[in-house]
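Student: Handing you this structure, nothing more for now.
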């Protein structure tokens, strides 16, 4: 079980890194056809979209990445207890 938990933890950390890159891209707004931008968008949007539908922007700021980031940290901490 600990091997599976460690693999899931590693995958979640990689997702957090991709999510961080997406947040950085939202600040600098790169060329939309950039392959790295398209990849980060394709990986994170299926997770961010449902949260974005339920939680409206606060003062014009999208807080869905923060919610997802905290959820991933919570799941990672829960998985760490299994190892």
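Read-outs throughout are calculated quantities, based only on the coordinates presented, and are distinct from any laboratory measurement. Everything numeric in this text was worked out from a predicted model, so none of it was measured. FYI the Cβ positions are ideal-geometry reconstructions off the backbone, even for glycines, and counts take in every protein chain you see.
Student: Which whole-angstrom value gives the distance between the alpha carbon centres of the range 65-83 and the range 12-51?
Tutor: Distance between centres, Cα-based: 19 Å.
Student: Hey, could you get me the Stokes-Einstein D for the chain, Kirkwood radius over alpha-carbon pairs, 37 °C and 0.692 mPa s, rounded to whole µm² s⁻¹?
Tutor: 237 µm²/s
Student: Okay, which of the range 58-80 sit inside 17 Å, backbone N to the point 7 Å along the Cα-Cβ direction of residue 26?
Tutor: 58-73
Student: Further question: Is it possible to state the helix-based mean residue ellipticity at 222 nm for the chain, with each DSSP H run of 4+ residues giving -39500 (n - 2.57), the sum divided by total residues, to the nearest 500 deg cm²/dmol? What is it?
Tutor: -27500 deg cm²/dmol
Student: Here's another thing I want to ask about it. For the Cα atoms of the chain, what angle does the longest principal axis make with the long axis of helix 64-82, in degrees from 0 to 90, nearest 10?
Tutor: Once rounded, one gets 10 degrees.
Student: Turning to a different aspect of this structure: Considering Cα pairs under 8 angstrom that are at least six residues apart, work out the relative contact order of the chain and quote it in whole percent.
Tutor: Relative contact order of the chain: 47 percent.
Student: Starting from the Cα of residue 45, step 7 Å along the direction of its Cβ; do the same at residue 59; then give the gap between the two resulting points in nm.
Tutor: That separation, rounded to one decimal, is 2.9 nm.
Student: Same structure, new question: Just to verify a number: FRET efficiency for residue 66 and residue 37, C-beta to C-beta distance, R0 = 22 Å, to 0.05?
Tutor: Computed FRET efficiency for residue 66 and residue 37 comes out at 0.60.
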